[in-house]
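First comes the structure, then the notes that go with it.
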Amino acid sequence: MIYLKRIILSIGLIFIGHLGWSQGIVFNTNLEESLQEAKKQNKLIFVDFYTSWCGPCKALSANVFPDKAVGDFYNNNFISVKIQCDDTGYGVALGKKYKIAAYPTLMFLDANGDIVHSAAGAPDVQGLIELGKIASDPKKNQLSLKKEWESGNREEGFTYKYFESLIRAYQNDKASADFQEYFATLSKEQKANKSTFDLMQIVKEPPFSNTFDYLEQHKEDYYQTVGKGRVDSTIAKSYLWYLKNLQYSGIMNKDLTEFNTKLEQFKAKNYPYYEEYVAFYDVFDFKDSDNKSDAEIFMKKGTSFLQKYGLNNDDYTISLTMMLANLIWGKDRGVAGIEWMETLVQRNPDVRYLDSYFHILFRNLRWDQALEVAKKIKEDKLKNNLSTKDIDQKIQSVADARLKYGG
């Protein structure tokens, strides 16, 4: 009888283990042990590099990794590991070793620990399965693309694929270095053709780099092949966001030296939008007399700026709105942001803007309006056969917040 009970218990444990296995990815937390297991089973290793503060990382763990289809595919084909990159040592060291620059980074390694494929971001269920299929395919993964690039393949279609793969993996330094080397081999005619210009957009070579300088110095050539409007717009937007990112980095590091230096260099180029950009950057200087951030100052400056320049670029409104949403929380604490977005969506009812509109409404505890916007977002996703998981979560977040904060 005891023997029979042991058999039943063993079968039960096997069943429970299999059930858990079939309903999500089984993760280890030690890479070295996983490397040994990968050698035994002749499998690749799938690594989720994440942090404790990363929202998309949490969404993956809550909604994608536990999915049965994902679990079945990944448990069959990979040894899976989760590495927390903001822990006290182990994960931090591995993050540095593999040069992780964005979270989550989903990386595939061979049994020697060498990178086979990598991508940054949080895909949905089908996206994660497709990513695993690409990583497993020796004709499609990044390792194969790298080998083909190093062998000298510079065909247009392959070149696009190669650089897109690097950018998706946040290997921006590698992409920039390889693109500059590639660009230097081109003739003047090849440099100015549309396909090369399109590659510049993929790699996003920044202002003051050699290739960007070439673009500026040979604008007339690109006007002929690409069109004046697109070339001028590319140059203008590149400076706008390059300098904005420098400003943000300088504020975070409490050192604006590089930003101020580059701003002076930009001024010397005499572009007509210099004063407009300076006014935009000035909005982000919103300290009070005690040198503390003041949302009221930000809203006042933002409103004044948008009244003067808002029609020139919709991205101004989106950027200022999202910044304000991070500054405030509470009933109508950031009404100016709601007004900014209302003006924008009335002028340009682009569904892409609704996420920002939802966010500022949510941060102002405008539950009913936030739900109305969320409904429009969901309708658009259903219309285009897209997953509604993200917006469903936002709708649930409204219900949860309303229960907690009232209203």
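Considering only region 171-193, I want to know if a residue exists there that is under 20 Å from the mean Cα position of the chain (by Cα), hydrophobic (A, V, I, L, M, F, W, C), outside any helix (DSSP H, G or I) and closer than 27 Å to F78 by Cβ. No. The residues of region 155-170 that are of a type in the set (A, V, I, L, M) and either over 13 Å from N141 (Cα atoms) or more than 17 Å from the chain's Cα centre (by Cα) (or both) amount to a single one, I167.
The sole residue among T261, T225 that is among the hydroxyl-bearing types (S, T, Y), over 24 Å from N312 (Cβ atoms) and touching a Lys or Arg at 6+ places or on another chain (Cβ under 7 Å) is T225.
Scanning region 334-360 for residues that are crowded, with 17+ Cβ neighbours inside 10 Å, closer than 21 Å to F284 by Cα and more than 21 Å from the chain's Cα centre (by Cα) yields a count of 7. Beta carbons closer than 7 Å, at least 6 apart along the sequence or on distinct chains, pair a first residue in region 229-243 that is more than 17 Å from D213 (Cβ to Cβ) with a second that is in a helix (DSSP H, G or I) for L240/Y277. For Y248, the requirement of being out of contact with any Pro (no Cβ under 6 Å at 6 or more places or on another chain) and modelled with pLDDT of 95 or more is not met. May I ask you to verify whether S387 is polar (S, T, N, Q), assigned to a loop (DSSP other than H, G, I, E, B) and under 20 Å from the mean Cα position of the chain (by Cα)? Considered against the rule, which asks whether it is polar (S, T, N, Q), assigned to a loop (DSSP other than H, G, I, E, B) and under 20 Å from the mean Cα position of the chain (by Cα), S387 comes out as yes. Does G310 qualify as being more than 30 Å from Q126 (Cβ to Cβ), exposed (fewer than 13 other Cβ atoms within 10 Å of the Cβ) and in contact with a Phe, Trp or Tyr (Cβ under 7 Å, 6 or more places away or on another chain)? No; evaluated as a whole, the condition is false for this residue. Within region 175-201, the set of residues being surrounded by fewer than 16 Cβ atoms within 10 Å (Cβ to Cβ) and β-branched (V, I, T) comprises just one member, T185. Considering only residues in region 351-407 that are modelled with pLDDT under 90 and polar (S, T, N, Q), the one that is farthest from N326 (Cα to Cα) turns out to be S387.
The values are calculated or read from the model by the stated rules, or taken from the named source; none is laboratory data. Here the structure is a predicted model, which is why all the values come from computation and not from measurement. All Cβ positions, even for glycine, are placed from backbone atoms using ideal geometry, and neighbour counts span all protein chains on display.
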